[in-house]
1. Among (i) 11.7, 36; (ii) 12.3, 37; (iii) 19.4, 62, which is the computed Rg and Dmax of the Cα atoms in Å?
2. Express in nm, to one decimal, how much length is gained between Lys71 and Ala22 on full extension, taking 0.36 nm for each residue of separation and deducting their alpha carbon distance.
3. Search the structure for amide H atoms under 5 Å from the amide H of Ile17, placed 1.01 Å from N in the peptide plane, and list their residues when 5 or more places away or on another chain.
4. Enumerate the calculated ³J(HN,Hα) couplings along the stretch 54-60 in order (Karplus 6.51 cos²θ - 1.76 cosθ + 1.60, θ = phi - 60°), each rounded to whole Hz, writing x wherever the residue is Gly or Pro.
5. With +1 on each Lys and Arg Cβ and -1 on each Asp and Glu Cβ, and nothing else charged, work out how big the dipole of the stretch 2-72 is about its Cα centre, in Debye to the nearest 20.
6. Set Lys and Arg Cβ to +1 and Asp and Glu Cβ to -1, take the dipole of the stretch 2-72 about its Cα centre, and tell me which of Phe64, Ile50, Ala22 lies farthest positive.
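Any read-out appearing in this document is the output of simple, stated calculations on the displayed coordinates, not a laboratory observation. What you see is a predicted model, and the numbers here were worked out from it, not measured in a lab. Every residue, glycine among them, receives a Cβ derived from its backbone with ideal geometry; neighbour counts consider all protein chains shown.
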Amino acid sequence: MEVRDHFELTDGSLLEITSDNACSNYSMTRELQSTLEASGDEWPALRNQIPCMAHVIQLALGAFMSSLGVKGRTKSCEAHQRDQ
């Protein structure tokens, strides 16, 4: 609420929140909804939280690659280049 007030995001100007798919982010948006409702603002959490598309794609690709038996790198790109 302090951040919202600092940036003057009042009277319906807070539209959406983009986040990854961590459970804590869903909990946070539900809590924000309750807090805003208590102050007289309507902000439906389910409609206004947008999962980060890059994170959704990464999760889908990870599941797909795993189903093929493909394993990810065990070293960073930098470490691989140093070893060559």
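1. (iii)
2. Working: separation 49, 0.36 × 49 = 17.64 nm, distance 2.32 nm.
Stretched fully, the Lys71-Ala22 segment lengthens by 15.3 nm.
3. Result for Ile17 returns Gln49, Ile50.
4. Here the 3J(HN,Hα) series is 4, 5, 4, 5, 4, 5, 5 Hz.
5. Numbers: 4 positive and 10 negative charges, 131 e Å.
Around 620 debye, computed over the stretch 2-72.
6. Phe64
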